[in-house]
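Here is the structure we will look at.
Please treat every number below as a calculation from the coordinates, not as lab data. Remember, predicted model here, so these are calculated numbers, not experimental data. Please note: Cβ atoms are built from the backbone with ideal geometry, for glycine as well, and neighbour counts cover all protein chains shown.
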Amino acid sequence: MNSPLATALARIGIDYRPRVPAVGLRCSLHILPEQIRSLARSLAGEGFFIETVTAEDMPEQNRMDGIYLFNHYEGDMRLLVRVTVSRSRPHLPSIGRIFPGAVWHERETAEMFGITFDGCPDSRNLLLPEEATFHPLRKDFTGV
Amino acid sequence: MSAPPTYSLESTDNGNFLLNLGPQHPGTHGVLRVVLQMDGEYILAADPVLGYGHRMQEKIAENMTYLQALPYVCRMDYLGAMSYSLAWVCAVEKLCSFEVPERAVHVRVMACELNRIASHLLWWGAYLLDLGAFTPFLQAFADREQILDLLEYITGSRLTYCYFRFGGLAADVDDVFLRRVEDFVTGFRQRLPRYHDLVTGNVIFHHRSKDVGVILPFEAAGYGVTGPCLRGSGFAYDVRKCEPYSGYDRFEFAVPAEQEGDCLARYNVRMAEMEQSLAIIEQAVATIPDGPYRARVPRVIRPPAGEVAMAVETPRGELVIFMVSDGSTRPCRVKFRVPSFANLSIFARLARGQLLADALAILGSLDMVIPEVDR
């Protein structure tokens, strides 16, 4: 299997294991925060495009996951990447200098979940009011 | 995160000035504000300001049952509501492994493609209005009206359709509808050359759109551009072909693509797409079987725990609904990856160094729906 996905993952030493059943996701990975930039660089080199950056809050497990979706214009190579961060001090490295389109996604994730993206070229709120400091997509958010 | 509300554009004293475009401006097609740093007529930097129409759709969906959230989903992109509701019902059907009867599959495809033509027609009229041509708008609306009538006949609504259900449709279609769709396809195919006569070869239109706002292929990937904007830059990436859903693999159609990447290329792609949509509708009407229009599904939807990514090609590009279920009646996490958001994010890059008038031509050629960007 010599797909761009396998090549991109092999370059940073990750085995490509297709996901069965696929449910729209060809492959899913759980990686460490310090791996995300090298993964993003490798994917960008193989022509992948960024679909989105978001997060999922799981307070009952005291855990928060940064979620990345990448895909390829050759089609059907959607890759889901989960990166677990601490709920109390969530930090992730920004991939905004690798995928310029990630900046808006990171700004949105930052305001919605309170995750700080280190090195993001722009850290202003995107959809919420400029001065908002609440994080509505956290599960414990009940309103302002 | 709580950065002070200043804009990254430094004020300058060498004759440059800040220009505030919007949030209410005909050229932005919705409540979008763009702060422009200008040097005379030229744009030094553009900073889109979003969120004026933000409704927190994802949180709403996470606090509702799967069925209750369905009408909200259709209100994100009010010009392509069929594709949005299709993505939502297909995501749930994928999670629950529901089968959809053939008849429903055909009607779904028909409805989505009619909606795509209506959306492209509105874009066509509004885009030329942006460029200063008034007649095309009226021409496009005459044909679009016929599609709205058709869809109103089966759904009861004219824009924010909520017609699909888990396992099928809300109601069956009758032969009157199918005959009217056939008539529309025949009639519109005859009228389409008039669109080209009126605009496509027009020299003023070419001056405004050729070599303006070129999206380079490698930039497209960096910003996640999809849909006609991407296909104008040489990639034939269309979810309907690459990851066929809802029976699209049963129909024959081409994916039009252009190489130039400018506004004219995006225009040509959309014009060619309307013809392909007509071909799909024609096949769907010809091969529609009799039978049930909805499968038997449980009254209370309780998908097994798991996650799904459902991608759909909306008129504007790739929509992905990423849904995490914890086995309860409400989704535990919903992410809407909307095409206009990514397509608009490249605008600042495209507008740099352009004339203000060209920037509006670029903005229009991206065909974004702001409530979809803001969600």
*Using a Förster distance of 35 angstrom, determine the FRET efficiency expected from the C-beta separation of B:M56 and B:R158, and round it to 0.05.*
0.85
_Once each part is reduced to its C-alpha centroid, what is the distance from segment B:353-375 to segment B:320-335 in angstrom?_
32
*Which one of B:V73, A:G143, A:P93 has its Cα pushed farthest toward the positive end of the charge dipole of the protein assembly as shown, where Lys and Arg give +1 and Asp and Glu give -1 at the Cβ?*
A:G143
*Computed label-point distance, nm, for sites B:T200 and A:D118 using a 7 Å Cα→Cβ extension*: 5.4
*Please name which of B:H120, B:G353, B:Y293 has its Cα lying farthest along the dipole of chain B towards the positive end, using unit charges on Cβ (Lys, Arg +1; Asp, Glu -1) and the Cα centre as origin.*
B:Y293
*Taking H as built 1.01 Å from N, whose amide H comes closer than 5 Å to the amide H of A:R63, not counting residues under 5 places away?*
A:M58
*Eligible aspartates and glutamates near B:K241 by straight Cα distance, threshold 15 Å, same-chain separation 8 or greater*: A:E74, A:D76, B:E113, B:D249, B:E252, B:E273, B:E313, B:E318
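Rounded to the nearest 0.05, what FRET efficiency do B:Q259 and B:V300 give with R0 = 45 Å and r taken as the Cβ-Cβ distance? Could you check? Before the final figure, lay out each step's value.
Values: r = 51 Å, r/R0 = 1.13.
Plugging the Cβ-Cβ distance into 1/(1 + (r/R0)^6) gives 0.30.
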*asked:* Under 5 Å between amide hydrogens, which residues at least 5 positions from A:M77 or on another chain qualify, with H placed 1.01 Å from N in the peptide plane?
replied: A:H72
*Please average, across the residues of A:100-111, the number of beta carbons from any other chain that are within 10 Å of each residue's own beta carbon, and give a whole number.*
5
_So if I take the centroid of the Cα atoms in segment B:71-133 and the same for segment A:118-144, what is the distance between those two points in Å?_
30
_Residue exposure sequence - B:E93, B:E252, B:E260 - by fewest surrounding Cβ within 10 Å_ = B:E252, B:E260, B:E93
*Using the Cα centre as the reference, give the magnitude of the dipole from point charges on the C-beta atoms of segment B:57-374 (Lys, Arg: +1; Asp, Glu: -1; all else neutral), rounded to the nearest 20 debye.*
660
*Using a simple charge model, +1 on the beta-carbon of Lys and Arg, -1 on the beta-carbon of Asp and Glu, nothing else, what dipole does segment B:227-333 show about its Cα centre, in debye to the nearest 20?*
720
*With a cut-off of 14 Å, note down the residues of segment B:94-135 whose backbone N falls inside the zone around a label point 7 Å from the Cα of B:T186 toward its beta carbon.*
none
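By its C-alpha gyration tensor, with a ≥ b ≥ c as the square roots of the eigenvalues, how is chain B shaped: rounded for a/c under 1.5, else prolate for a/b larger than b/c, else oblate? Mind showing how you got there, number by number?
On the way: a/c = 2.14, a/b = 1.34, b/c = 1.61.
Note, shape of chain B comes out oblate.
Let me spell out the model: positive unit charges on the Cβ of Lys and Arg, negative unit charges on the Cβ of Asp and Glu, origin at the Cα centre of the protein assembly as shown. What dipole size does that give, in debye rounded to 20? Working shown, then result.
Numbers: 52 positive and 62 negative charges, 230 e Å.
Dipole magnitude for the protein assembly as shown comes out near 1100 debye.
Pull out the extension gain between B:K210 and B:N20, defined as 0.36 nm times the separation in residues minus the alpha carbon to alpha carbon distance; nm, one decimal.
That pair, B:K210 and B:N20, stretches by 65.8 nm at full extension.
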*Once the Cα gyration tensor of the protein assembly as shown is diagonalised, semi-axes √(5λ) in Å*: 33, 31, 21
